[in-house]
1. Can you tell me which of (1) in contact (Cβ under 8 Å) with a residue 60 or more places away in the chain; (2) outside any helix (DSSP H, G or I); (3) of a type outside the set (Ser, Thr, Tyr) is the one B:Gly243 doesn't meet?
2. Of the residues that make up segment A:120-132, is at least one within 28 Å of A:Gly37 (Cβ to Cβ), within 13 Å of another protein chain (Cβ to nearest Cβ) and under 24 Å from the mean Cα position of the chain (by Cα)?
3. Restricting attention to segment A:85-101, report how many residues are surrounded by fewer than 21 Cβ atoms within 10 Å (Cβ to Cβ) and small (Gly, Ala, Ser).
4. Please work out which residue is farthest from C:Asp178 (Cα to Cα), limiting yourself to segment C:18-46 and to residues that are away from chain A (no Cβ under 14 Å) and assigned to a loop (DSSP other than H, G, I, E, B).
5. Please list, ordered by residue number, the helices (runs of 4 or more DSSP H) wholly in segment B:94-209 having 1 or more residues that are closer than 15 Å to B:Phe225 by Cβ.
6. With respect to C:Arg266, is the statement that it is under 25 Å from the mean Cα position of the chain (by Cα) and either assigned to a strand (DSSP E or B) or not hydrophobic (A, V, I, L, M, F, W, C) (or both) true?
7. C:Arg159 passes all but one of (1) in a helix (DSSP H, G or I); (2) over 19 Å from the mean Cα position of the chain (by Cα); (3) away from chain A (no Cβ under 14 Å); (4) not aliphatic (A, V, I, L, M); which number fails?
8. Of the numbered conditions (1) away from every other protein chain (no Cβ under 13 Å); (2) touching a helix residue (DSSP H, G or I) at 6+ places or on another chain (Cβ under 9 Å), A:Leu214 satisfies every one except a single condition; which is it?
Amino acid sequence: MSALEVRDLSKNFAVGGALRRSQVHAVDDVSFSLQPGTITALVGESGSGKSTVARLLARLYDPTSGSVLFDGGDVARVRRRKDVLRYRSQVQLIFQDPFGSLNPVKTVRHHIERPLRIHRVVPPAQVEGRVHELLSTVGLVPPEEVAAKYPHELSGGQRQRVSIARALAVEPKVVLADEPTSMLDVSIRIGILNLMLKLKDEHDIAFLYVTHDLASARYIADDILVMYAGQIVERGPVEQVLADPLHPYTRLLLAAVHGERIDERRGSASAAVDPAEGCRFVSRCPLAVPVCSVMTPPLVEARPGQSARCHVTAPAT
Amino acid sequence: MAQVEPSIEIGLIAPKRGVRIGRIRIPGWLAVLVRNPKSRAGLLIVGFMVVIALIAPLISVAHPNDFSLLDARQAPSWHHLFGTTDQGSDIFSQVVLGARRSLFLGALAGGIATVVAAVLGITAAYMGGIADEVINLLTNVFLTIPPIPLLVVISAYLKARGLVTMAIVIAAVLWAFEARILRGQALSLKSRDFVLSAKTAGESTWRIVFGELMPNMISRIAAAFVLVFYISLLVDAGLEFLGLGDMSATSWGVTVYWAQVNSTVLQGEWWPFVFPSLALAITVLGLVLVLTGIDEMSNPRLRTERTRGRLTALVFGRAVD
Amino acid sequence: MSAVATKTLIEVQGLQVEYGRVRAVDGVDLTIDTGEILGLAGESGCGKSTVANAVMQILRPPAHIVGGSIRFQGEDLVGKSAEELRKYRWRNVSMVFQSAMNALNPVMRVGDQFVDMMRAHEHISKHHAIVRAGELLDLVGMDKRRVRAYPHELSGGMRQRVIIAMALALNPELVILDEPTTALDVVVQREILQEVEALKRDFGFAVLFITHDLSLLLEFADRIAIMYAGEIVESAPASRLAENALHPYTQGLMRSFPPLTGPRVRLTGIPGAPPELREPPSGCRFHPRCPHCVPEDAALYLRQTTERPRLREIEPGHSVACHLVEA
């Protein structure tokens with residue numbers, strides 16, 4: 001039973017001046033599901049659409065098309081405050097920038113109290129106790145001292161832990177983590193990643209871990225989704241995909257990270273503007289054949305559990 | 001510092017803890033204003049005027065409207081510190097009591113204009129859509145009305161010219177200007193992560209406007225208040241000088257009006273002009289200095305541009321300052 | 001500047017830099033030899049960018065050098081006149097910044113910026129300068145015609161290539177790369193670093209490569225120096241560091257990179273956070289986070305908490321500042 005299921009999710013943004021109404025296909029036909037007690041990594045480079053997916057799931061934007069199934073219903077376009085609030089009490093988002101995601105003029109206590117009070121997670125008398133509990137859970141001790149501090153009195157790693165504590169306050173089923181460690185020092189990142197692993201195990205949360213870093217994706221994730229130009233181009237169990245990638249882009253990413261020589265065919269992982277039919281990776285692909293320029297490859301399960309969007313390595317039979 | 005530069009936070013000031021002197025606790029924002037030399041000077045001036053206004057009834061030796069033809073048109077002396085008018089009224093009393101009126105008017109007009117501007121401007125920015133369009137329309141209507149003619153017309157036709165009416169009229173003319181500025185700043189804040197965070201936590205629109213956006217715009221809102229404050233002083237005095245104000249009130253503008261009407265300067269009597277005008281000018285100066293201090297305090301943008309200029313110059317090998 | 005290529009290009013001794021009253025760099029010794037790649041690794045606040053700025057002589061108030069010397073080919077830079085420094089910058093030593101947008105003028109075409117820069121240093125006609133600009137862009141793998149582009153028309157990777165080209169324009173002896181690829185995607189990063197390597201082979205300049213990503217240095221650098229809280233804590237040839245990192249901080253850093261291959265192991269990273277330089281820890285600055293600093297070991301603990309360890313050479317080319325590692 002999935003915690004969250006995404007079907008054919010798409011998001012277009014209009015660009016260009018008044019006369020040129022082009023559409024950027026930031027997210028194009030994305031489908032996946034998140035299971036409780038697992039971490040799914042959503043990997044891609046900048047502009048690939050991964051953050052947009054997280055924000056769509058957090059209902060910060062409305063999708064252009066597609067559905068987000070939660071608890072039996074499609075939440076993609078709900079409007080009523082009651083329904084939105086119910087969704088927000090179960091699905092939380094952690095932001096990338098530890099400096100920007102906390103209100104500078106409010107204390108740590110305020111940040112964690114608010115979700116507790118809004119969603120009435122505990123009776124008012126127990127709020128303070130719960131705040132301290134949450135701070136301890138994320139490793140911020142002594143909690144009474146930390147609760148009284150303002151964000152600028154904390155380090156980047158500590159601020160990110162506050163954001164995690166805030167997300168946990170509502171006892172969510174799903175946590176969307178949008179590059180939670182990319183702005184932290186290297187030696188601090190592991191601490192945050194370990195915390196996420198602990199929370200996954202102890203609270204059975206379904207995590208979506210958005211990142212551009214394959215190594216950390218391997219470290220904590222069970223499954224991996226690789227995004228390119230708004231589409232999912234490969235998915236499967238993380239070990240399997242990284243050991244033996246199907247899609248040429250995944251192979252390119254791995255080569256770059258391993259420090260292998262890569263062929264320089266310029267191209268960009270960014271979302272396409274008014275894309276034509278055909279594979280979006282074709283200009284950079286060493287395996288391209290004629291059909292690649294004409295027909296958009298579907299996501300095909302070429303091996304048990306592992307799918308790729310490639311006419312050559314994962315042909316539709 | 002992180003290895004990736006965090007976005008420059010325009011207008012966001014981390015709350016500074018206050019300082020303690022003995023048993024007195026000075027709030028953080030006040031400490032910052034005191035540290036800046038310009039705003040420190042401004043605060044002293046404004047503080048001085050406030051004190052004068054408060055003790056005015058105690059130090060004014062005579063009722064300002066007392067007239068005594070015997071004492072008329074007397075130059076400043078120990079008896080009448082600022083001299084007397086053509087009717088024998090003590091100008092010193094008129095000035096210190098006029099301070100009360102001015103400061104109260106400024107605060108009231110400033111308060112009304114700022115509250116309206118903040119609520120409308122920030123809400124429009126955050127809600128977007130129809131709310132934004134409607135409020136923008138309203139703002140634009142008020143902006144296109146030329147303020148001075150409007151004020152003159154309203155004052156000329158208004159039966160009640162009391163203090164409160166004047167404050168409302170001035171606020172009505174000035175709020176739109178501030179609303180636009182505050183809307184602009186709120187727009188830049190609304191897509192900040194901490195605002196989005198509050199949204200995903202489930203905060204309602206009102207709580208976001210008042211709890212997340214406004215507290216991070218305090219310096220701009222304070223600046224708006226000070227601006228309206230000093231403009232209303234000038235406007236009020238100006239209208240009175242033209243004879244369009246509440247001519248029975250004790251105020252700086254009225255004193256100058258009567259002085260002008262009675263051609264006192266032509267007769268070499270400078271004191272009915274100079275003292276009230278000086279009081280007005282000094283008060284306005286103090287407010288402007290405070291305003292400058294607030295602006296300098298909250299504008300890291302200046303810092304960024306200096307850095308960019310320096311690095312560009314370096315690339316081209318030009319001598320750097 | 002001396003035309004004879006001496007072996008040691010840059011020699012930094014006992015460098016101390018303060019920002020107001022905070023000492024960002026506290027006694028740093030470094031040497032960069034002709035044609036070598038020295039990597040300087042460390043996390044935020046360790047002072048590595050300050051060292052780079054000092055070598056480049058672009059420190060501005062409130063930052064100022066309060067001690068030590070920086071010699072370029074034997075001559076101390078600290079005493080030089082503004083004009084001499086102006087010539088030194090870009091002609092002898094150039095710099096590639098983390099963010100190209102800090103170095104590029106957004107309202108000028110790229111080619112014109114080259115022209116400006118070249119004409120500030122040499123007598124060259126505008127036409128020749130533009131031609132040379134095109135050649136340089138070609139050198140970094142870009143289309144020559146991009147000389148006519150504005151910075152915002154280029155992608156992040158391309159902008160970075162432009163400033164690399166600019167850094168090479170006057171054929172300097174040393175190029176400082178300050179987090180040159182941190183803001184770029186991993187594939188672009190790889191392409192750019194490959195290019196820099198090729199250019200270095202062709203032109204023979206030395207590189208001071210500053211980054212927080214130790215794994216990049218292990219791959220590219222000849223020697224690596226690790227900075228922590230304003231000091232150098234370890235320095236060694238890259239290969240030696242990979243095999244035998246001695247300082248607990250370096251070891252901790254190495255343990256902070258999750259492996260892409262091999263068994264999936266739980267890592268511990270380094271507990272705590274880099275210190276505030278306003279009030280650095282007494283004694284060894286790393287001691288609050290060091291797994292080997294325990295009160296039980298009283299005598300050692302006393303030294304660790306009160307005495308600053310000095311950089312000592314443990315084996316040829318490999319120095320460490322650590323009380324645990326005493327020869």
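The values are calculated or read from the model by the stated rules, or taken from the named source; none is laboratory data. Only a predicted model underlies this, so the values are computations on that prediction, with no experimental measurement involved. Note that we place each Cβ from the backbone using ideal geometry, even for glycine, and neighbour counts take in every protein chain shown.
1. Condition (1) is where B:Gly243 drops out.
2. Step one: list which residues in segment A:120-132 are within 28 Å of A:Gly37 (Cβ to Cβ), which gives A:120-122, A:126-127, A:129-132.
Add one more test, that the residue is within 13 Å of another protein chain (Cβ to nearest Cβ), and what stays is A:120-121.
From the residues that got through so far, the ones that are under 24 Å from the mean Cα position of the chain (by Cα) too are none.
So far as segment A:120-132 goes, no, none of its residues is within 28 Å of A:Gly37 (Cβ to Cβ), within 13 Å of another protein chain (Cβ to nearest Cβ) and under 24 Å from the mean Cα position of the chain (by Cα).
3. Summing the residues that are surrounded by fewer than 21 Cβ atoms within 10 Å (Cβ to Cβ) and small (Gly, Ala, Ser) in segment A:85-101 gives 1.
4. Filtering segment C:18-46 for residues away from chain A (no Cβ under 14 Å) gives C:18-40.
Okay, now just the ones that are also assigned to a loop (DSSP other than H, G, I, E, B), so C:20-21, C:34-36.
Values: C:Gly20: 23, C:Arg21: 25, C:Thr34: 19, C:Gly35: 18, C:Glu36: 16 Å.
This residue is C:Arg21.
5. Details: elements: B:129-144, B:147-157, B:163-190, B:193-201.
Qualifying helices (runs of 4 or more DSSP H): B:163-190.
6. On the way: under 25 Å from the mean Cα position of the chain (by Cα): no; either assigned to a strand (DSSP E or B) or not hydrophobic (A, V, I, L, M, F, W, C) (or both): yes.
No.
7. Failed condition: (3).
8. The one condition A:Leu214 does not meet is (1).
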